[in-house]
């Protein structure tokens, strides 16, 4: 029994993260380079706009806050612990995160309901869309459960999970602390790996291409087949490349 | 001076018969695919009317174009702040019902129906869900329906007209309308380009065609909101926006765009204009009273040696400069001052120009002739044309001033509300007619003709030229575009037939929806 337990632990907590990360990185790059046409957020607002507001906005707000919350706790655990040193600040953080989690849950439920009930949206929904939405729903529900029943997650995440995640990235996986966590928490970790694994095969790829450069790029864009000034210089004909616009 | 060339079209609205051949030619080539059934890159609207999508001109609803605040211009419904804040849900995005739900009919039911007491019918089904629908809207649903309460009276261009003027427009026996064909304006200050968060939309430097890179578009859908003409469309199947490409694969090969080539009334003229790109910002942010003038001031004289030199320094090919010198667009817009941009107040500097229609203006004398109107049979409403279509030249410009089609309406469409601008054009059009009447029939006093030409600021020779290009022009005079240079257009090396039914010419795969 212990052997089976260890094997499962090793698979889900050591093998799976490497598989997931490998597939995520290679798969995303491959998909971006080989098939840019299928890189899209696949917005369905054009077919239905009102219900979407109550799904998409709370969902995105919630998931962005929680994603960056987890990321910060992973990257700078000491900072989170220092913040949590004062109980009032800990409670502010936990309550805020909890509210965002509830928003995320409400958003997801609305999105799923909209996809199922609106015939136009059902037409543009793939099996992968359902798979992702259900997986996220399970993950969020699980997370809320953990946050409620195993209090002050921001603190124990920083002290228990961050070292484990660092050990993964350091290629020296150490599951000693994580292996003894309750199965609900472990399933949250496993589901997270599954989500990462599925990113290149789903519409989630759109979070890899946020339009950040829009903030600083000039409003107007003019593209020339050739640089009209460069083409006239003697040394350029062999080195000038056609702009990548198509 | 940063001289660039732009391919620019002129529509002579007096010649448009509203046959929709352009729309169908365009549809058959570019939008006969899933997800774009509802898109009409070229559509023809009846004016006054609400258009497609419904009331597209009303930017209080759609928030398209630029608005001027404190001297600078900003996108009305998109832009860096608004666009990124609303990226999860764009509050101003039109939905498909603002256009129409695409449909087909179950034609096979007519053939395969078992024998019954009743005739079988072909029920309409949605092209999105495949389920039976009640058709509520189509791309030209208000065709020829001027005067109707649901369509013509809801035209956003009527807002500045007094209730009395509006009523006068829609009295059944005085009612008039004209057709307005619309494609992408390939603007110099395109709101769609500025609104695209992923930078997928760009203007081609060589010919000014505005295109959407299908590989980079991520369906942030801000261009649909930002374009005040609603000419950037969202493909609901592939999750990419698409728009009129001015048939660039045809243009590069020296062929006219499909809409132009198929035009039955020969209303379209396509030519090159040279413009000064340094003036774009100033022209786009000019005062509302000056938007038309400052836009037209950007267009440069292709015969001016300084312009030619600057153009050459900028890499504009000689063939393009030559085309600009023979450009019918330049003649209509600058030389003769006959064509005006559509809704210049949106500040996108649209590069299509319209010759406003004279016919609905000419066709009435308004209140002056009440004595004759009284002769009408009140019940049968039968009248002879003598009083209605007065073609006498007794009072030279009286018909323009007392038009049953208020100038204000035309001015709202083509001159940001400036009636004088439209009036100048209409006077010229009328003077050309009077001149030609004198030449062909000769029943007008020479002084009258002289006065007409003088009043419209035209020479007889120029009037003759206008007449020739308007009425007699052969295809080569209406379409003056140099084919692309091979060194500039590598796309020419690809066989375009390979990509029929797919999304473009840069890559060859079926436009399937992403995972």
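The values are calculated or read from the model by the stated rules, or taken from the named source; none is laboratory data. Predicted model only: the values in this text are computed from it and were never measured. Reconstructed Cβ throughout: ideal geometry from the backbone, glycine too, with neighbour counts over all protein chains shown.
Within segment B:288-312, the residues that satisfy the criterion of being surrounded by fewer than 20 Cβ atoms within 10 Å (Cβ to Cβ) and without any contact (Cβ under 8 Å) to a residue 60 or more places away in the chain are B:290, B:293, B:294, B:296, B:297, B:301, B:303, B:304, B:305, B:309, B:312.
Against the list (1) more than 30 Å from residue A:120 (Cα to Cα); (2) outside any loop (DSSP other than H, G, I, E, B); (3) within 11 Å of another protein chain (Cβ to nearest Cβ); (4) touching a residue at least 60 places away in the same chain (Cβ under 8 Å), the condition residue B:203 fails is (4).
Scanning for something in contact (Cβ under 8 Å) with a residue 60 or more places away in the chain, farther than 23 Å from residue B:87 by Cβ and more than 7 Å from chain B (Cβ to nearest Cβ), does segment A:28-36 turn up at least one residue? Even if it seems obvious, please write down each step before you answer.
Applying the first criterion (in contact (Cβ under 8 Å) with a residue 60 or more places away in the chain) to segment A:28-36 yields A:28, A:30-32.
With farther than 23 Å from residue B:87 by Cβ added as a condition, the list becomes A:30.
Restricting the remaining residues to those that are more than 7 Å from chain B (Cβ to nearest Cβ) gives A:30.
So far as segment A:28-36 goes, yes, one or more of its residues are in contact (Cβ under 8 Å) with a residue 60 or more places away in the chain, farther than 23 Å from residue B:87 by Cβ and more than 7 Å from chain B (Cβ to nearest Cβ).
Could you list, in sequence order, the residues of segment B:121-139 that are surrounded by 15 or more Cβ atoms within 10 Å (Cβ to Cβ), within 14 Å of chain A (Cβ to nearest Cβ) and in a loop (DSSP other than H, G, I, E, B)? Matches in segment B:121-139: B:127, B:128, B:129, B:133.
For residue A:29, the criteria (1) at pLDDT below 95; (2) outside any loop (DSSP other than H, G, I, E, B); (3) crowded, with 16+ Cβ neighbours inside 10 Å hold in every case but one, which is (3). Criterion first (more than 22 Å from residue A:197 (Cβ to Cβ) and free of Cβ contacts under 8 Å to residues at least 24 places away in the same chain) does residue A:89 satisfy it? Judged against the criteria, residue A:89 is a match. Checking each residue in segment B:140-169 for being surrounded by 15 or more Cβ atoms within 10 Å (Cβ to Cβ) and at positive phi picks out only B:147. Scanning segment B:175-195 for residues being touching a helix residue (DSSP H, G or I) at 6+ places or on another chain (Cβ under 9 Å), outside any helix (DSSP H, G or I) and within 14 Å of chain A (Cβ to nearest Cβ) gives a total of 4. Residues in segment A:52-72 that are more than 8 Å from chain B (Cβ to nearest Cβ) and surrounded by fewer than 17 Cβ atoms within 10 Å (Cβ to Cβ): A:64, A:67, A:68, A:71, A:72.
Would you say residue B:283 is part of a helix (DSSP H, G or I), touching a strand residue (DSSP E or B) at 6+ places or on another chain (Cβ under 6 Å) and assigned by TED's automatic domain parsing to the domain that holds residue B:48? Break it down stepwise before answering.
On the way: part of a helix (DSSP H, G or I): yes; touching a strand residue (DSSP E or B) at 6+ places or on another chain (Cβ under 6 Å): no; assigned by TED's automatic domain parsing to the domain that holds residue B:48: yes.
Against the criterion (part of a helix (DSSP H, G or I), touching a strand residue (DSSP E or B) at 6+ places or on another chain (Cβ under 6 Å) and assigned by TED's automatic domain parsing to the domain that holds residue B:48), residue B:283 does not qualify.
Here segment B:233-254 is the region considered, the condition is being closer than 14 Å to residue B:42 by Cβ and not in a loop (DSSP other than H, G, I, E, B), and the residue that is nearest to the other protein chains (Cβ to nearest Cβ) is B:233.
Considering only residues of segment B:206-223 that are more than 8 Å from every other protein chain (Cβ to nearest Cβ) and more than 22 Å from residue B:258 (Cβ to Cβ), which is surrounded by the most Cβ atoms within 10 Å (Cβ to Cβ)? Step by step, filter segment B:206-223, then rank; the result is B:222.
Can you confirm whether residue B:88 is buried (at least 17 other Cβ atoms within 10 Å of the Cβ), without any contact (Cβ under 8 Å) to a residue 40 or more places away in the chain, touching a helix residue (DSSP H, G or I) at 6+ places or on another chain (Cβ under 9 Å) and within 14 Å of chain A (Cβ to nearest Cβ)? First the steps, then the outcome.
Values: buried (at least 17 other Cβ atoms within 10 Å of the Cβ): yes; without any contact (Cβ under 8 Å) to a residue 40 or more places away in the chain: yes; touching a helix residue (DSSP H, G or I) at 6+ places or on another chain (Cβ under 9 Å): yes; within 14 Å of chain A (Cβ to nearest Cβ): yes.
Judged against the criteria, residue B:88 is a match.
Residues checked against (1) in a loop (DSSP other than H, G, I, E, B); (2) surrounded by 24 or more Cβ atoms within 10 Å (Cβ to Cβ):
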residue: B:1; (1), (2): yes, no
residue: B:4; (1), (2): no, yes
residue: B:8; (1), (2): no, yes
residue: B:14; (1), (2): no, no
residue: B:18; (1), (2): yes, no
residue: B:24; (1), (2): no, no
residue: B:27; (1), (2): no, no
residue: B:32; (1), (2): yes, no
residue: B:38; (1), (2): yes, yes
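Each residue in segment A:169-186 was checked for being in contact (Cβ under 8 Å) with a residue 40 or more places away in the chain and surrounded by fewer than 17 Cβ atoms within 10 Å (Cβ to Cβ), and 2 pass.
Filtered by the rule that a residue be more than 8 Å from chain B (Cβ to nearest Cβ) and assigned to a loop (DSSP other than H, G, I, E, B), segment A:199-221 gives A:210, A:216, A:218.
Considering (1) outside any loop (DSSP other than H, G, I, E, B); (2) farther than 30 Å from residue A:60 by Cα; (3) more than 14 Å from chain A (Cβ to nearest Cβ), the lone condition that residue B:60 does not fulfil carries the number (2).
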